[in-house]
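What follows is a short report on a single structure.
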Amino acid sequence: MSTDDTSDPAVRVRDLRKDYGHFHAVDGISFDIERGETFALLGPNGAGKSTTVEILEGYRERTSGEVSVLGQDPRHAGLAWKARLGIVLQQTGESGNVSVREQLAHFASLYPNPRDVDEVIAAVGLEEKAKTRIKSLSGGQRRRVDVALGIVGRPELLFLDEPTTGFDPEARRQFWELIRSLSREGTTIVLTTHYLDEAAQLSDRAAVIAGGRLIEMGPVHELGPAEARIPIVRWRDASGLHEERTETPAARVAALVAAHGELPELEVIRPGLEDIYLDLVATAEAETRAQTPTQEQTRVDA
Amino acid sequence: MTTTPTRPTASFGPLRTLRLGLARAVYETTIYFRAGDTIFFTFLFPVVLLGIFSVAFQGLGNVGEVNGQGGVSQAAFYLPGMIAAGILLSGVQNLGIDIAVERSDGTLKRLAGTPLPVVSYFMGKIGQVLVTSLAQIAILILLARVAFGVELPTEPAKWLTFAWVYLLSISTAAVLGIAISQLPKSGKSASPVIIPPLLVLQFISGVYISFSLLPDWLQAISSVFPLKWIAQGMRSVFLPDDFAAAEVGGSWDLPGVAIVLGIWLVVGLVVCRIGFRWIRKDS
């Protein structure tokens, strides 16, 4: 794929720190992202996700730690390195007095080996808007232009920061298909998202960041402590609502029905990524608060 | 799709920078002419003013007439000032606002993430300024000649002076525009921060009001800024030589024009070099 050693991970981060004054926005994070992998970064607003990603993209300086992206330190990497990246920023921006097609053609011309402009427009579902000025598009359509601009340079490594904000459900499905096809072509993808179903759908592995620390990392379906994934049986009886975690929910339900007959609100809940994620974040935040009761609350970035 | 040809690093050389600079210039110029407000406030403003002044003051007769002899029409008198104002607007005002808006709306950040060289970006801006300001001056001269019958200089020496004064002026104006684009705190405040001081400068630099009518202290202030010198250089091209007597030192003082504009050009370049960031320090 590239001139550097392909056995190296696409991204390598060791003990990354970023301080703003006394505030530790990123507080010692380490992880690797393998080539061809789709990696999701999850976390609440202000957790340090965007700061981390922007350090990887070369937008921000770090306070300390080691970072290697496609074999180079983003701090010193040049144009040839940027040509191998695709970046979809969180903020949609554009003066907008150009058509979708003109903008994509212009950005394609900046890269040594771009994708076909019309194919990219089709891939993001904007064929009918190709000749429309960007300023006349809806928010969701502009977001698709952002994604199109991020992939038109045929990146080896694609950063997606909250890519589907403002998408309708159909557009999100379509976007997921696009990301899967990029992944099949070997593109390494770093996805930051608030939509946990999106992370579950797309990513091979996910990391959860809270309070500038990496609190969990692994394959999406193994995230969180094992007990967090134990199914819950919930029912209501005369004494109120009951919840019980059990590895054998069917047997538990059978026993309940045998003892009480038909029960109102009886359900078996298999905790989804969202439940596990919320648990993880809540636990981490409680710990942080316990450790540093008077830390200032200034959040420098989202 | 899966195999990417090895990328020759040589393709990131000066030729590519030049090619992308030209592509940016075409792109920037196209966008410029699509924005209605810049067309009016930057591109057509001096043209409209030349028309208004020429018509409104026609009744006052010629400027610089002695015993019904000599002198020039109001249109001829205002032409060099409007060309100077156009250079200031196309360079300083246009780029100052444009880049401040691009910084705040995320355009610069997006470009910073692409393999576009900073030099190509500036080539695009300066190319756009050159194309639009030359078009503006052509329209001004055409309007003066066709609508108001202004006589244009015929001596090659005058046009040679025009060429160097123009190039030095537009370069200085473009560089200063890039430099002051760092002043507005947001895209929305760009126009209110940049337009009013430039308007004041136009009034005290002999563009709308004859420079010799200003009190000495105001003349001293405006002599610090480049516009007074741009206008003076342009007067030396478009007004008859006997008008030089009305200038401050009794001459066109072209060496002074070159020195003051040269100093501003260097100051502007230094500020750009130190101050400009895509969003951080960058290649």
* In the set B:K125, B:K109, which member is closer than 15 Å to B:F33 by Cα, within 14 Å of chain A (Cβ to nearest Cβ) and basic (K, R)? -> B:K125
* Test for A:R234: is it at pLDDT 85 or above, part of a helix (DSSP H, G or I), farther than 29 Å from A:G65 by Cβ and of a type in the set (K, R) -> no
* Structure fact -> Subset of the stretch A:95-114, residues of a type outside the set (V, I, T), facing another protein chain (nearest Cβ under 10 Å) and not in a helix (DSSP H, G or I), comes to A:S95, A:G96, A:N97, A:S109, A:L110, A:Y111, A:P112, A:N113
* Asked: Going by the structure shown, is B:S205 touching a helix residue (DSSP H, G or I) at 6+ places or on another chain (Cβ under 6 Å), surrounded by 13 or more Cβ atoms within 10 Å (Cβ to Cβ) and among the hydroxyl-bearing types (S, T, Y)?
  -> yes
* One residue from A:V69, A:V88 being buried (at least 20 other Cβ atoms within 10 Å of the Cβ) and more than 10 Å from chain B (Cβ to nearest Cβ) -> A:V69
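Within the stretch A:177-193, count every residue that is surrounded by fewer than 17 Cβ atoms within 10 Å (Cβ to Cβ) and without any contact (Cβ under 8 Å) to a residue 60 or more places away in the chain.
First pass over the stretch A:177-193, keeping only residues surrounded by fewer than 17 Cβ atoms within 10 Å (Cβ to Cβ): A:177, A:180-181, A:184-186.
Those left that are additionally without any contact (Cβ under 8 Å) to a residue 60 or more places away in the chain: A:177, A:180-181, A:184-185.
So the answer is 5.
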* Structure fact -> Picking from B:F12, B:F43, the residue that is closer than 30 Å to A:S109 by Cβ, buried (at least 16 other Cβ atoms within 10 Å of the Cβ), aromatic (F, W, Y) and over 24 Å from the mean Cα position of the chain (by Cα) would be B:F12
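Which of the following residues is touching a Leu at 6+ places or on another chain (Cβ under 6 Å) and touching a residue at least 12 places away in the same chain (Cβ under 8 Å): A:G218, A:G153, A:G224? Break it down into steps so the answer makes sense when it comes.
Details: A:G218 fails: touching a Leu at 6+ places or on another chain (Cβ under 6 Å); A:G153 fails: touching a Leu at 6+ places or on another chain (Cβ under 6 Å).
Answer to the check: A:G224.
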* To do: Could you tell me whether A:A282 is assigned by TED's automatic domain parsing to the domain that holds A:K18, closer than 30 Å to A:F159 by Cα and among the hydrophobic types (A, V, I, L, M, F, W, C)?
  => no
* Structure fact -> The one condition A:E265 fails out of (1) modelled with pLDDT under 80; (2) assigned to a loop (DSSP other than H, G, I, E, B) is (1)
* To do: May I ask you to verify whether B:R277 is basic (K, R), out of contact with any Ser or Thr (no Cβ under 8 Å at 6 or more places or on another chain) and surrounded by fewer than 14 Cβ atoms within 10 Å (Cβ to Cβ)?
  => yes
* **Only one of B:R34, B:R24 that is without any contact (Cβ under 8 Å) to a residue 40 or more places away in the chain, of a type in the set (K, R) and surrounded by 13 or more Cβ atoms within 10 Å (Cβ to Cβ)** => B:R34
* Leading residue by the ranking (surrounded by the most Cβ atoms within 10 Å (Cβ to Cβ)) among those in the stretch A:237-262 that are of a type in the set (D, E, K, R) and not in a strand (DSSP E or B) -> A:R252
* Restricting attention to the stretch B:52-67, which residues are outside any loop (DSSP other than H, G, I, E, B) and either surrounded by fewer than 13 Cβ atoms within 10 Å (Cβ to Cβ) or of a type in the set (G, A, S) (or both)? -> B:I52, B:S54, B:A56, B:G59, B:L60, B:V66
* Asked: Name the residues in the stretch A:97-122 that are touching a residue at least 40 places away in the same chain (Cβ under 8 Å) and of a type in the set (G, A, S), would you?
  -> A:A108
* Asked: Given the structure, is B:P115 within 14 Å of another protein chain (Cβ to nearest Cβ), of a type outside the set (F, W, Y) and in contact with a helix residue (DSSP H, G or I) (Cβ under 7 Å, 6 or more places away or on another chain)?
  -> yes
* To do: Within the stretch A:36-66, track down each residue that is within 13 Å of chain B (Cβ to nearest Cβ), farther than 24 Å from A:H221 by Cβ and not in a helix (DSSP H, G or I).
  => A:G58, A:Y59, A:R60, A:E61, A:R62
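In this structure, is A:V26 assigned by TED's automatic domain parsing to the domain that holds A:T165 and closer than 19 Å to A:T192 by Cβ? Walk me through it before giving the result.
Values: assigned by TED's automatic domain parsing to the domain that holds A:T165: yes; closer than 19 Å to A:T192 by Cβ: yes.
Yes: the conditions hold for A:V26.
Would you check if A:G125 is in a loop (DSSP other than H, G, I, E, B), touching a residue at least 12 places away in the same chain (Cβ under 8 Å) and either outside the structural domain of A:T193 (by TED's automatic domain parsing) or touching a strand residue (DSSP E or B) at 6+ places or on another chain (Cβ under 9 Å) (or both)?
Taking the combined requirement at face value, the residue does not satisfy it.
The values are calculated or read from the model by the stated rules, or taken from the named source; none is laboratory data. Just so you know, these numbers come straight off a predicted model, no measurement behind them. Positions of Cβ are backbone-derived with ideal geometry, glycine not excepted, and every protein chain shown enters the neighbour counts.
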